[in-house]
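To start, the structure itself, in structure tokens.
The values are calculated or read from the model by the stated rules, or taken from the named source; none is laboratory data. Quick caveat, the model's predicted, so the values are computed rather than measured. Heads up, the Cβs are rebuilt from the backbone with ideal geometry, glycines too, and the neighbour counts pull from every protein chain shown.
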Amino acid sequence: MTPAEVALWMMIRNRQLDGKRFLRQYSVGKIIIDFYCPEYKLAIELDGEVHHSPQAREYDKRGTTCLESFGIIVVQFENFEVFDYPERTLNEIKRYLK
């Protein structure tokens, strides 16, 4: 896991976020989701600089489209958001847990 993934995992593991269960490195077909809440079909993806190239953006877009075809909601954050704005990041995730 990247440092940002470790940081977010420490905030959401063991049902710490509104009592909801999150899985890490969850597979859907050939796609591996950083974090997944099965109860809400919510995928959380963290993106670093490697995701900024045009090729990576296109790959991510295809992945999101594939996940959405399974009824999965995809929420993406930049790595820096986890570190610089942890409360805002968690509040944004909570919006999808209702």
Here, helices (runs of 4 or more DSSP H) confined to region 1-87 with at least 1 residues that are out of contact with any His (no Cβ under 6 Å at 6 or more places or on another chain) and touching a residue at least 60 places away in the same chain (Cβ under 8 Å) are 3-12, 79-84
Taking region 42-68 and keeping only residues that are surrounded by fewer than 15 Cβ atoms within 10 Å (Cβ to Cβ) and modelled with pLDDT of 95 or more, one is left with E68
Taking region 63-98 and keeping residues of a type in the set (D, E, K, R) and more than 21 Å from T2 (Cβ to Cβ) leaves E68, K94, R95, K98
#### Entry: Any chance R95 is of a type outside the set (A, V, I, L, M) and within 14 Å of the chain's Cα centre (by Cα)
yes
query = Does F77 meet the test of being touching a strand residue (DSSP E or B) at 6+ places or on another chain (Cβ under 7 Å) and either surrounded by fewer than 17 Cβ atoms within 10 Å (Cβ to Cβ) or of a type outside the set (V, I, T) (or both)?
reply = yes
